[in-house]
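The values are calculated or read from the model by the stated rules, or taken from the named source; none is laboratory data. Remember, predicted model here, so these are calculated numbers, not experimental data. Note: ideal-geometry Cβ built from the backbone for every residue, glycine included; neighbour counts use all protein chains shown. The protein model used for the area step is the full one, side chains on, heavy atoms only, and it has no ligands, DNA or RNA in it. Shrake-Rupley method; radii C 1.70, N 1.55, O 1.52, S 1.80 Å.
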Amino acid sequence: MNIEEAEQAIRDILPEKRYVHSLGVSETAGKLAEKYGADPYKARLAGMLHDIVKYFPDDQLKRIILRRADISNDYLAYSVKLWHAPAGAAYVQENYGIDDHEVLNAMAFHTTGRKSMTDLEKIIFLADYIEPGRDFPGVDEVREVAGRSLDEAVFQELQRTIIHLLNKRQRVYPETFEAYNDLV
Ligand code: DGI
Ligand code: FE
Ligand code: FE
Ligand code: FE
């Protein structure tokens, strides 16, 4: 599947707002890849598809996670907001024949992060947070840091996300802490 086909697929599946967000992630990820020496094509493809199953019913995402031996069932004990990331990677592998594991892992870990992230994984994780459509307190600071250090920007995103979850008295997926510990 090429970038245009991926764009067509999400245009058909996602609501307008999420489609525009995905275009922003794709574009931002492509630029970050050029800057930090990752593959811009893989970055744009993963960015385009990263939220493809975001609006699938929870029970459908759960079934994908249970069916796939390569997706940890631990996700099911944490927020439903986490499920679309690994389920989306499985979906594009099964339905679009995408077999590039760098692209699939960048999609699978775009929400939680994990220990020892590749640059492509960091780029999708970060692009999701700072694409031009995002508007929340602190996003401009992270955009600024993203212009000089990929690791520092990912670190600040993890720090802010964990603080945000703690303030809302929500669970934190252990891999998010592991990603944080890796970069602190
Ligand atoms: O799908 P998006 O909205 O574009 O963004 P995302 O896939 O990064 O989802 C972010 C949401 O997930 C955000 O509301 C925080 C929430 N979340 C819930 N539990 C966790 C979590 N995020 C992380 N990193 N770790 C968690 O344990
Ligand atoms: Fe997402
Ligand atoms: Fe994210
Ligand atoms: Fe997203």
Taking the convex hull of Cα positions in the range 1-149, its mean projected area over all directions (nm²): 8.6 nm²
Sequence of Y75, Y41, Y55, Y180 when ordered by accessible area, the most exposed leading, probe 1.4 angstrom: Y55, Y41, Y180, Y75
Listed residues P40, Y78, I3: farthest to the positive end of the dipole of the range 1-95 (Cβ charges): Y78
Quarter of the Cα convex hull surface for the range 116-162, i.e. its orientation-mean projected area (nm²): 3.1 nm²
The range 112-157: trypsin sites (Lys or Arg not before Pro) in DSSP loop, at most 11 other beta carbons within 10 Å: R148
Accessible-area value, D182, 1.4 Å probe, nucleic acids and ligands omitted, Å²: 80 Å²
Proximal lysines relative to K35, as straight alpha-carbon distance under 18 Å, when same-chain residues fewer than 8 apart are discounted: K122
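Any idea what the dipole of the chain comes to, in debye rounded to 20, about its Cα centre with Lys/Arg Cβ at +1 and Asp/Glu Cβ at -1? Spell out each step's value before the answer.
Numbers: 23 positive and 31 negative charges, 136 e Å.
Using Cβ point charges on Lys, Arg, Asp and Glu, the chain gives about 660 debye.
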Inter-part distance where the range 164-184 and the range 78-129 are each reduced to a Cα centre, Å: 17 Å
Area accessible to solvent at D70, 1.4 Å probe radius, in Å²: 110 Å²
Percent carbon-and-sulfur accessible area, the range 1-104, ignoring ligands, DNA and RNA, probe 1.4 Å: 48 percent
Whole-number accessible area per residue in Å² for the chain, which is evaluated in the context of all protein chains at 1.4 Å: 50 Å²
